[in-house]
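Asker: Right, I'll just put the structure down here and ask away after.
The values are calculated or read from the model by the stated rules, or taken from the named source; none is laboratory data. What you are looking at is a predicted structure, and each value in this text was computed from that prediction instead of being measured. So basically every Cβ, Gly included, is an ideal-geometry build from the backbone, and we count neighbours across all protein chains shown. Heavy atoms of the whole protein, side chains included, go into the accessibility calculation; ligands, DNA and RNA do not. Shrake-Rupley method; radii C 1.70, N 1.55, O 1.52, S 1.80 Å.
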Amino acid sequence: MPDQPYATQPPAGPDAQSDTRPDACPNTRPDAQPPLFTWEFAADPYPAYAWLREHAPVHRTTLPSGVDAWLVTRYADARQALADGRLSKNPAHHSEQAHRTGRVGIPGERSADLMTHLLNIDPPDHTRLRRLVSKAFTPRRVAEFEPRVQQLTDRLIDSFAARGSADLIHEFAFPLPIYAICDLLGVPPEDQDDFRDWAGMMIRHGGGPRGGVARAVKRMRAYLLELIHRKRADLGDDLISGLIRASDHGEHLNENEAAAMAFILLFAGFETTVNLIGNGLYALLGHPEQRALLQESVAAGETALLGTAVEELLRYDGPVEMATWRFATRPLSIGGVDIPVGDPVLVVLAAADRDPARFADENVLDLARKDNPHLGFGHGIHYCIGAPLARLEGQAALATLLTRLPDLRLAADPAELRWRGGLIMRGLRALPVEFTPEEASGEVPDPAATL
């Protein structure tokens, strides 16, 4: 699932070597479908999505994992599908034959008994669990967390600002949301580096050993169950304590539900933000005029442009390429195409958010864009519950980096950057940058020791 690598490399041979540009297509017919799920596609999927929107907006394809699924690429169809109750989030509705041919979901979550979280269940269980989580994950809690997010942001920048260079994925975008969500959940500081290691394995950040994702999920689940047990005897003001306290008409989360909920809040709460920051910074580095406008606005103490900038970055090259799996429980039609019962449906948010039928100048980055109902956080009852925290972290990260390192510049040829191959999430493996070093005020802090 998130950053599950493509199961196969692009095919070797003359056709594969003839042209490796992201928009290249080995077919000669102008109406031929561009290839999907190659590493070139991962670098820039938008030309292929534009072709699908125009010629095959609801398209059945075989995914690299072997699963046959429908890709929904137009905005109107995407909104319909995201809110259609006939499309279930429960993998139990996946047809048995198709299920045997490939993989769905987060590797290891089934064997670790972590399936009962918000991304995998439907009403009425989804309604009950989301209501319980919402009581603990409130806008007030996120607003109160703003000083801590700013502190984390500054300390991470402190660790490399005097050096004049950094990898903004490994050293900034990745650790910031990990430490933030661990704080919010109530993971003790001495255990947070373990979570950083597990999270890195789960998204295969820079690769990992075979089976490492499933092992990381199991270790995280075992830790969360033990932490929940400890907190029951000593409740605090953190989110896990809130989950334990939360009740709805006398119903409480059991330990498996609480562990699954903490797991998905951690998992969804960090990878989305990693990619929001990484993709957003990369887009700004490639659009100097838009970046200059944002820097001027931030320097003037304004907040309006920073807010619309984050929304536009979510639309333009968002962190979630496809919405998580859905399965048809009854026959339905999307965009005039009949979807059989049991078939998986993947709503391509990246394609929908560049649909010219909904967004003017869809391929233009406009940080001041006002009419911007993007689908970056989903739509309907499964709208991302952690969206306020992701927005807070994205705004803090962008504003602080642009203020403290105003001449930030890419330190690599864009063609050399690599994107993690995966179906759901979209993000860079690394983002090397250079900048004028800040004057060191003393010993450069070790983030692991100070965060």
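Asker: Show me the GluC sites (Glu not before Pro) within the range 255-323 that DSSP assigns to loop and that have at most 14 other Cβ atoms within 10 Å of their Cβ.
Answerer: Passing sites in the range 255-323 are Glu302.
Asker: Just the number, please: Stokes-Einstein D of the range 152-194 in µm²/s, Kirkwood Rh from C-alpha pairs, 10 °C, 1.306 mPa s. Could you put the intermediate results ahead of the total?
Answerer: Numbers: Rh = 11.1 Å.
For these conditions, the coefficient is 144 µm²/s.
Asker: Taking the range 344-409 on its own, what percent of its Cα-Cα pair distances exceed 18 Å?
Answerer: So the pairs more than 18 Å apart make up 56 percent of the total in the range 344-409.
Asker: Here is a further query. Could you order Trp198, Trp39 so the one with the most accessible surface comes first? Probe is 1.4 Å.
Answerer: Trp39, Trp198
Asker: Ser241: accessible area at probe 1.4 Å, nearest 10 Å²?
Answerer: Ser241 has an accessible surface of roughly 0 Å² with all protein chains in place.
Asker: What three numbers, in Å, describe the spread of the alpha carbons of the range 263-390 along their principal axes, ordered from the longest?
Answerer: Rounded to whole Å, the extents work out to 55, 37, 22 Å.
Asker: Another question, if that's okay. Can you sort Asp353, Asp407 by 1.4 Å-probe accessible area, starting with the largest? Before the final figure, lay out the partial values.
Answerer: Values: Asp353 5, Asp407 55 Å².
Result, largest first: Asp407, Asp353.
Asker: Separate question: Can you give me the % of accessible surface on the range 351-408 that is carbon or sulfur? Probe 1.4 Å, all protein chains present, nothing else counted. Could you put the intermediate results ahead of the total?
Answerer: On the way: 1220 of 2110 Å².
Exposed carbon and sulfur together represent 57 percent of the surface.
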